[in-house]
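Just below is one structure, and these are the notes that go with it.
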Amino acid sequence: MGRRIAVVILALSALMPLVLLGLWSVGDHWFFPTLIPPAFTTDSWRATLTGRLGAAALISGVVALATAVLGCAFAMPIGRAMARLSGWRRHMASALAFLPVAAPPIALGLGLQYAFVTLGVSGTIVGVIAAHVVSATSFLAIYFAGVFTALDPRIEDEARCLGARPLDVWTRITIPIVRRQIGDALALGFLVSWAQVPLTLVIGGGIVRTLPLEVYDYLRAGETRYAATGALLLTVPPMLALLAARRERVAPL
Amino acid sequence: MRLAALVAAPVLIGVLYSILGALGFVGLDAHGFTMVHVTRVLGAGSTWRGIGWSLATATVATAAATIASGAVAIAFRGTRLGDRVARALVAVPLPMPHIVAATLSLLVLAQSGLVARLLYALGAIHSVAQMPPLILDRFGIGYMATMAWKEVPFLSVVAISVLATRGPRLEEVARTLGATPRAIMWRVTVPVLWRGLAPAAIAVAIVIAGSFEGAYLLAPSNPLALPLLTYEQYRTIDATRRADAYVLVLVGLTLAALAVVALEWARARWDVE
């Protein structure tokens with residue numbers, strides 16, 4: 001009995017969020033105490049095509065894509081180097097790599113802001129991407145350290161012995177072996193940026209309007225229909241990533 | 001090692017700038033060395049209340065999420081269909097961004113939210129005012145509930161994998177040595193689970209304590225959570241007080257650094273790969 005109730009609670013916790021957001025995104029004149037929306041409208045969904053929500057989703061997508069690619073490019077060699085360490089050096093390195101993850105994002109943002117103002121990228125999309133890359137690189141370096149720990153370094157040594165240059169080792173040995181993990185890392189980097197708020201707020205200075213910022217503004221303005229629509233859009237890429245990861249796991253080798 | 005230091009470099013640059021800012025060397029209203037910002041921030045009750053509030057809510061939310069995840073992992077560790085369905089369901093909210101969780105929380109727990117409407121339909125309340133405030137409330141009940149709900153999927157995934165990889169062999173040994181099911185549960189399963197979960201739980205507590213998104217929408221304005229207090233100081237119109245934000249940044253980073261040390265210590269002590 002207890003188990004059944006637990007399964008029902010888990011099912012509600014898994015499915016209700018999407019159902020509720022969906023309902024709220026189309027409910028019109030839906031005020032307390034009515035349980036079901038008295039009328040429906042699709043105006044907030046039309047705004048995803050032509051209005052603020054659509055523009056914000058586009059900016060978020062571009063920023064997240066750039067963050068994923070740059071984050072992977074930086075994090076891969078760092079993770080590989082970390083995997084080759086042992087003992088206290090390994091713990092020290094993973095503590096250092098973890099620092100940007102652990103640092104409160106608002107503290108990271110304010111700390112970075114001066115450097116970004118000096119470089120002239122504060123308040124620009126380039127600055128926002130750079131700030132997101134800092135955070136994503138940290139996540140991804142830890143991820144790649146795990147990936148490369150599982151990879152036998154002798155494969156690369158062998159290639160070097162046979163005369164491969166460092167670049168050849170990367171492009172013809174290492175990258176092909178971890179190709180799937182790079183795909184996962186790109187998804188992870190995308191998601192780190194996609195949901196980012198404080199770094200965008202501080203470095204973007206309110207000028208770079210990503211989707212999470214629009215959701216905030218709609219919520220604070222009491223525009224729950226638009227906020228719910230934006231929130232639903234925000235869940236799409238993460239849910240797709242989760243589905244892809246599940247499919248990969250059940251796929252035959 | 002040098003490359004890992006490169007990842008930390010932006011944080012270190014941030015720390016350096018924050019130190020210079022906090023001591024009055026750089027920034028909008030900088031006139032050279034001064035301790036006025038440091039003494040003002042560290043002497044303010046709001047700073048300590050903010051730190052206390054952030055740490056307390058993060059601890060309670062993490063503890064609740066950890067217990068719930070452990071219970072899910074133990075209850076649904078079998079191979080029956082119900083177990084597999086439950087394990088799949090618990091992971092579904094995993095990738096949901098914090099801001100979406102906070103949005104939902106507002107729609108469900110606010111005084112005119114779904115819970116209030118259900119209570120009204122059941123006749124338990126008759127107006128919005130009768131609904132106890134769960135959002136922006138002093139104790140952060142809605143905030144803690146949201147954070148705990150948001151972190152259960154992650155901790156459950158870790159707990160399930162810990163039990164699957166480290167549990168069965170030790171439990172088998174205990175059973176062979178004549179332990180009762182109750183003894184196996186409390187002296188083998190739960191300790192194994194805790195050791196595997198501890199690093200993840202510490203990481204979750206760090207994330208919650210530093211999280212901006214949830215607090216921005218759900219936390220009260222008094223006391224103000226540490227990340228919000230930092231942002232507020234940074235945005236203040238009084239230019240002479242802006243540097244106070246950098247002192248708060250340093251406080252936040254110090255707490256984070258201590259937490260990272262705790263995390264590495266927990267990993268070195270308990271992570272038996």
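Every residue in segment B:21-36 that is out of contact with any Lys or Arg (no Cβ under 8 Å at 6 or more places or on another chain) and either surrounded by 20 or more Cβ atoms within 10 Å (Cβ to Cβ) or touching a residue at least 60 places away in the same chain (Cβ under 8 Å) (or both), please. Lay out the reasoning, then the answer.
Taking segment B:21-36 and keeping what is out of contact with any Lys or Arg (no Cβ under 8 Å at 6 or more places or on another chain), we get B:21-26, B:30-36.
Result: B:21, B:22, B:23, B:24, B:30.
Among the numbered criteria (1) outside any helix (DSSP H, G or I); (2) more than 30 Å from residue B:29 (Cβ to Cβ); (3) among the polar types (S, T, N, Q), which single criterion is violated by residue A:94?
Condition (1) is where residue A:94 drops out.
Checking the structure you have, find out if any residue of segment A:30-38 is of a type in the set (A, V, I, L, M), more than 21 Å from the chain's Cα centre (by Cα) and within 30 Å of residue A:173 (Cβ to Cβ).
We begin by selecting, within segment A:30-38, every residue of a type in the set (A, V, I, L, M); these are A:35-36.
Restricting the remaining residues to those that are more than 21 Å from the chain's Cα centre (by Cα) gives A:35-36.
The next check asks that each one be within 30 Å of residue A:173 (Cβ to Cβ); those that pass are none.
No: zero hits.
Being at the interface with chain B (Cβ under 10 Å from one of its Cβ atoms), farther than 30 Å from residue A:159 by Cβ, in a helix (DSSP H, G or I) and of a type in the set (A, V, I, L, M) narrows it down to one residue among A:244, A:187, A:227; which is it?
Working: A:244 fails: at the interface with chain B (Cβ under 10 Å from one of its Cβ atoms); A:187 fails: farther than 30 Å from residue A:159 by Cβ.
None of the other options fit; the residue is A:227.
When residue B:222 is evaluated against the numbered criteria (1) surrounded by 13 or more Cβ atoms within 10 Å (Cβ to Cβ); (2) more than 10 Å from every other protein chain (Cβ to nearest Cβ), which criterion, by number, is the only one it fails?
Single failed check for residue B:222: (1).
Suppose we filter segment A:84-115 for residues that are more than 7 Å from every other protein chain (Cβ to nearest Cβ) and in contact with a Pro (Cβ under 8 Å, 6 or more places away or on another chain); how many remain?
2
Of all the helices (runs of 4 or more DSSP H) wholly in segment B:101-219, which have at least 1 residues that are surrounded by 18 or more Cβ atoms within 10 Å (Cβ to Cβ) and within 22 Å of the chain's Cα centre (by Cα)?
B:141-176, B:190-210, B:213-218
Yes or no: segment B:234-243 includes at least one residue that is of a type in the set (A, V, I, L, M), surrounded by 24 or more Cβ atoms within 10 Å (Cβ to Cβ) and at pLDDT below 85. Explain how you work it out, then say what you get.
Going through segment B:234-243, the residues of a type in the set (A, V, I, L, M) turn out to be B:237, B:239, B:243.
Add one more test, that the residue is surrounded by 24 or more Cβ atoms within 10 Å (Cβ to Cβ), and what stays is B:243.
Adding the requirement that they be at pLDDT below 85 leaves B:243.
So far as segment B:234-243 goes, yes, one or more of its residues are of a type in the set (A, V, I, L, M), surrounded by 24 or more Cβ atoms within 10 Å (Cβ to Cβ) and at pLDDT below 85.
With respect to residue A:15, determine if the residue is part of a helix (DSSP H, G or I) and within 13 Å of another protein chain (Cβ to nearest Cβ).
yes
Out of curiosity, is residue B:98 of a type outside the set (S, T, N, Q), out of contact with any Leu (no Cβ under 7 Å at 6 or more places or on another chain) and surrounded by 15 or more Cβ atoms within 10 Å (Cβ to Cβ)?
It is true that residue B:98 is of a type outside the set (S, T, N, Q), out of contact with any Leu (no Cβ under 7 Å at 6 or more places or on another chain) and surrounded by 15 or more Cβ atoms within 10 Å (Cβ to Cβ).
So that you can scan it fast, the table gives a plain yes or no per residue for (1) surrounded by fewer than 17 Cβ atoms within 10 Å (Cβ to Cβ); (2) within 14 Å of another protein chain (Cβ to nearest Cβ); (3) part of a helix (DSSP H, G or I); (4) not basic (Lys, Arg):
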| position | (1), (2), (3), (4) |
| --- | --- |
| A:130 | no, yes, yes, yes |
| A:134 | no, yes, yes, yes |
| A:138 | no, yes, yes, yes |
| A:145 | no, yes, yes, yes |
| A:155 | yes, no, yes, yes |
| A:158 | yes, no, yes, yes |
| A:163 | yes, no, no, yes |
| A:172 | yes, no, yes, no |
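Any idea which residue in segment B:60-70 is nearest to the other protein chains (Cβ to nearest Cβ), counting only those that are out of contact with any Ser or Thr (no Cβ under 9 Å at 6 or more places or on another chain) and under 18 Å from residue B:167 (Cβ atoms)?
Only one residue tops the list, namely B:67.
Among the numbered criteria (1) out of contact with any helix residue (DSSP H, G or I) (no Cβ under 7 Å at 6 or more places or on another chain); (2) among the polar types (S, T, N, Q); (3) within 8 Å of chain A (Cβ to nearest Cβ), which one does residue B:18 miss?
Against the list (1) out of contact with any helix residue (DSSP H, G or I) (no Cβ under 7 Å at 6 or more places or on another chain); (2) among the polar types (S, T, N, Q); (3) within 8 Å of chain A (Cβ to nearest Cβ), residue B:18 comes up short only on (1).
The values are calculated or read from the model by the stated rules, or taken from the named source; none is laboratory data. Bear in mind that the values here come from a model prediction, so they are computed numbers and not experimental data. Note that each Cβ is placed from the backbone with ideal geometry, even for glycine, and that neighbours are counted across all protein chains shown.
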